[in-house]
Amino acid sequence: MNPFLKEAQELQERLVQDRRWLHAHPEVGGTLPETVAYVKKRLLELHCTPEEICDSGLVVLLGGKKEGPCILLRADMDALPMKEETGLPFASENGCAHSCGHDMHTAMLLGVAALLKAHEDELRGTVKLMFQPGEEVFLGAERMLQAGVLENPKVDAAITLHVNGLAPFPSGTLSIADAGAALASCDSYRITVHGKGGHGAYPSQTIDPIAVAAHILVALQQINARELGSKDTAVLTQGSFHSGKAPNIIPDTAVIEGTLRTFDEQVRQRCLKRMEAILTGVGAALQADVDFTVLGGCSPLYNDAAVRADALRYFRELVGEAGVAEKHGEPGMASEDFGNVLARVPGIQVGLAVNSAAEGAQYPMHNPKVLLKEEPLYIGTAAMAYLAKRWLEEH
Ligand SMILES: [Zn+2]
Ligand SMILES: [Zn+2]
């Protein structure tokens, strides 16, 4: 057995303890006071020096004693606003749930800190650990970028790992999707049409925001139908449309909310620009003011070909051919705000199977009943730590 894997296996009990504490204490969004306090306490116990560079964003530096590049390893720490229904003895009781496995990501990155601390003198260059809040709301990665997570020292490559509870591979398998776009961008937005309310009998005395919003809904279809090239993908979904309270009253406003998803940053920016122009234009033509607010968003996630090839090689050294899978085919329409980091530095997202349909898993991630196996935690920990150490050796 690879000595790194063996050392990680010896940490398994501690990984499970950390995971269960985090699992029982989920926090949502960009401010995670209890989670951050726990992670800081654990890092201090490991003789690391965490620095909170922005609200709930922690950075730890390891190595740096030998000259070399800097590789960043990231874990997201936030949960989802849903009531957990797993029935686990350590299930959350506070109305939020770690149904996306970010408790596992955080526990594994703590494991990486422990593992690499023991090898700190051997590291050629620096490993930077990034513990971020607010992934599910697409604000944490960008907040840490703005706070300078890629500087001092300058980051040369960046890696994140996501667990998968309905994986097409056996538990413990490490996977990497094809180079190029692996996950879509996502922007959620609100369109507010300001009309002028009045009596349903006298529409000429009003500006009917529902009628204007209906024109906007149709006009937005033009982007997909006529404006995008045949190879460009954009999924535009209006998920909510609210206006009015009674059949005989013309309301003042109508509000549409939706999401835009693309695989290309240029397509994303072009769609957002065209959406705004269409809304404003339709509003002006029909005498209504229209506001367009992007509520949050992230870039598509791109896997870098060179980092991917290196990582696959290191993983095979670590766990053997059978423990590694290359994911081919269509990129996923889901999103991950680490895309914002990978838009600036080369890197990859690694997958770790923590359950599969063949092993009895029934529920996908983000389901309140999703059950994730803890046995592979040490494999994810070893993979991140070993990848970092080997990449620094070779670059
Ligand atoms: Zn999620
Ligand atoms: Zn997630």
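Under the condition of being open to solvent by 10 Å² or more (accessible area, probe 1.4 Å) and touching a strand residue (DSSP E or B) at 6+ places or on another chain (Cβ under 7 Å), which residue from the range 366-378 is nearest to ligand 2 (Cβ to nearest atom)?
Looking at residues that are open to solvent by 10 Å² or more (accessible area, probe 1.4 Å) and touching a strand residue (DSSP E or B) at 6+ places or on another chain (Cβ under 7 Å), I get H366.
Just one of the numbered conditions (1) open to solvent by 20 Å² or more (accessible area, probe 1.4 Å); (2) in contact (Cβ under 8 Å) with a residue 40 or more places away in the chain; (3) within 19 Å of G63 (Cβ to Cβ) is not true of G180; which one?
(3) is the only condition that G180 fails.
Take the conditions outside the structural domain of G140 (by TED's automatic domain parsing) and surrounded by 20 or more Cβ atoms within 10 Å (Cβ to Cβ) and apply them to L272. Does it pass?
So L272 does not fit the description; no.
Looking at (1) of a type outside the set (K, R); (2) surrounded by fewer than 21 Cβ atoms within 10 Å (Cβ to Cβ); (3) farther than 25 Å from R143 by Cβ; (4) touching a helix residue (DSSP H, G or I) at 6+ places or on another chain (Cβ under 8 Å), which is the one condition that is false for E67?
That leaves (4) as the condition not met.
Can you tell me which residue within the range 117-132, out of those that are more than 16 Å from ligand 1 (Cβ to nearest atom) and open to solvent by less than 10 Å² (accessible area, probe 1.4 Å), is farthest from L11 (Cα to Cα)?
My answer is G125.
I'd like the full set of residues that are in contact with a helix residue (DSSP H, G or I) (Cβ under 6 Å, 6 or more places away or on another chain), closer than 13 Å to D78 by Cβ and open to solvent by 20 Å² or more (accessible area, probe 1.4 Å), limited to the range 1-48.
H25, E27
Mind checking which helices (runs of 4 or more DSSP H) fall wholly inside the range 248-346 and carry at least 2 residues that are farther than 27 Å from D78 by Cα?
In the range 248-346, the matching helices (runs of 4 or more DSSP H) lie at 265-285, 305-319.
Only one of T126, T160 is assigned to a strand (DSSP E or B), of a type in the set (S, T, N, Q) and within 16 Å of ligand 2 (Cβ to nearest atom). Can you tell me which?
Every option except T160 fails the conditions.
Taking the conditions exactly as written (within 16 Å of ligand 1 (Cβ to nearest atom) and either surrounded by fewer than 23 Cβ atoms within 10 Å (Cβ to Cβ) or not polar (S, T, N, Q) (or both)), does R143 satisfy them or not?
No: the conditions fail for R143.
Which count do you get for residues in the range 334-349 that are open to solvent by less than 10 Å² (accessible area, probe 1.4 Å) and within 16 Å of ligand 1 (Cβ to nearest atom)?
4
How many residues does the range 282-320 contain that are among the aliphatic types (A, V, I, L, M) and modelled with pLDDT under 95?
Counting residues in the range 282-320 that are among the aliphatic types (A, V, I, L, M) and modelled with pLDDT under 95 gives 1.
The values are calculated or read from the model by the stated rules, or taken from the named source; none is laboratory data. A quick note: this is a predicted structure, and the numbers were derived from the prediction, not measured. Because the Cβ atoms are built from the backbone with ideal geometry, glycine has one as well, and the counts that use them run over all protein chains shown. The accessibility values were calculated without ligands, DNA or RNA, using every heavy atom of the protein model including side chains. Shrake-Rupley method; radii C 1.70, N 1.55, O 1.52, S 1.80 Å.
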